[in-house]
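These notes concern the structure reproduced below.
All of the numbers you see were taken from the coordinates with simple rules; none came from a lab. None of these values were measured; they are calculated from a predicted model. A quick note on method: Cβ atoms are made from the backbone with ideal geometry, for glycine too, and the neighbour counts reach across all protein chains shown.
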Amino acid sequence: MTNIDDAPGLAPKIFRFADVDEFRNAIRGLNFEFTPLVRTIAAEQIILQLPGCDVNVTRSFPRVVDAQLIADCTAVGFAMDDLEVPIRFNGAQRDRAVIVIGGSGAAYNTIEEVERQIASVIFRPEVTDRGWPETHSCFKIFETSTPALHWLRKVVREVVAAASEPIDPADVPLKAAAMKESLFGAVDAAFADLVPARWTVRPNDGRQFKTFQEIRALLSGDLSQPIYSEEIARKLNLSVRTLHDVVRRYRGMSLHRYLRLRRLWLVRRRLLAGADSVKAVALAFGFWHLSDFSKSYRDQFGETPSQTLERGRRA
């Protein structure tokens, strides 16, 4: 990882990660949890901090993400690239010109199946006076025109590039303020040119997302114990079919496949922290068949659990 913490003037900070075990989210104001879908990564986060505004450009990796904004801010997000495999955002997957927005405390879920380049702009305080779409407990997704999205991308690239140039310290406040206004204008244009799209109704339905969050809360409990679909569905007053449909929509896989992947990842984090033994950690996360566990772990991470534990103890 490379971290440029003391860059002068407006220069953006750059964080690079070649190891999924070392990855951490560097975006201010965003509580962030992820489950990786790959063994190795080449991730990068470029963070430009302006007065009242942060610009973040991330080269991501295949992963499942759950995130939530802190209070008193507004975040606008969009892809900086055009790939045939779109990001699944709050259960919706479209390869069109989309833009997402969330206000104070809003949450979202994404599934990134391939490496992507993603940008977000976080404004502080919360933006309430520019006619942007209102959000509540979850982010909302909209389709904008292709020219408006391309313009927004162009402004972000130009702002980040210009911030990297040498500048007289006396000029920093004025230049930073001008950059922020350019970003405001580009976001204004994107929301002014929204395209009516029926596919956005479901992901923008707060009730659907609330159901997912309730399921997620129950699944975040004691993962050492068996989890039965019927019991979760009963607690939430859902049918088992609805339960599995919601999980697949927001996780991109079956409930049991996701739980197994999540447990393996949590085991790995515990081993890297220097656990007492592989057996103790495996049992703590519900893996009682140790030979099956070892094979699944090796298939997922490319090394045995004991090799991970050894690295954790040496760290």
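Order the peptides 290-301, 136-147 from the highest to the lowest mean number of other Cβ atoms within 10 Å of their residues.
136-147, 290-301
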Report task. With label points built 7 Å along Cα→Cβ from the Cα atoms of residue 273 and residue 157, find their separation and express it in nm. Result -> 4.2
Report task. For every other residue with a beta carbon closer than 9 angstrom to the beta carbon of residue 49, add +1 if it is Lys or Arg and -1 if Asp or Glu, then tell me the sum. Result -> +1
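If each residue of separation counts as 0.36 nm, what is the full-extension length gain between residue 241 and residue 283 once their alpha-carbon separation is subtracted?
Contour length minus the Cα-Cα distance gives 12.2 nm.
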Requested in this report: Take the Cβ-Cβ distance between residue 231 and residue 39 as r, set R0 to 30 Å, and report the resulting FRET efficiency rounded to the nearest 0.05.
Outcome: 0.35
Query - Karplus (6.51, -1.76, 1.60) ³J(HN,Hα), θ = phi - 60°, over the stretch 46-58, in Hz, Gly and Pro reported as x - result: 10, 10, 10, 9, 10, x, x, 6, 10, 10, 10, 10, 10
Query raised in the report: Does a label point 7 Å from the Cα of residue 314, set along Cα-to-beta-carbon, have any residues of the stretch 268-300 with amide nitrogen under 19 Å, and which are they?
Result: 268-278, 298
Report summary line: Against the 2.2 N^0.38 Å rule of thumb, the C-alpha Rg of the stretch 198-262 sits at a ratio of 1.12
**Report entry** Ordering of 168-174, 14-20, 233-239 by packing [mean C-beta count within 10 Å, highest first]
**Finding:** 14-20, 233-239, 168-174
Query raised in the report: What base-10 log of the normalised intensity I(q)/I(0) is obtained for the stretch 1-127 from the Debye formula, alpha carbons as equal point scatterers, at q = 0.15 Å⁻¹?
Result: -0.70
Query - Eligible lysines near residue 175 by straight Cα distance, threshold 27 Å, same-chain separation 8 or greater - result: 13, 154
Report summary line: Rounded to one decimal in nm, the spacing of the 7 Å Cα→Cβ label points at residue 11 and residue 94 is 4.1
Report summary line: What the 10 Å binned alpha carbon P(r) of the stretch 83-205 shows, as percent of pairs per bin from 0, is 11, 39, 35, 12, 2
Report task. Can you work out the PRE-style zone for residue 82? Point 7 Å along Cα to Cβ, and I want the residues of the stretch 138-160 with backbone N under 19 Å. Result -> 142-158
Report summary line: Mean projected area (nm²) from the convex hull of Cα positions in the stretch 164-236 is 10.5
Query raised in the report: Given Cα pairs under 8 Å that are at least 6 residues apart, what percent is the relative contact order of the chain?
Result: 15
Requested in this report: At 25 °C and 0.890 mPa s, grab the translational diffusion coefficient of the stretch 65-110 from Stokes-Einstein with a Kirkwood Rh over Cα pairs, rounded to a whole number in µm² per second.
Outcome: 214
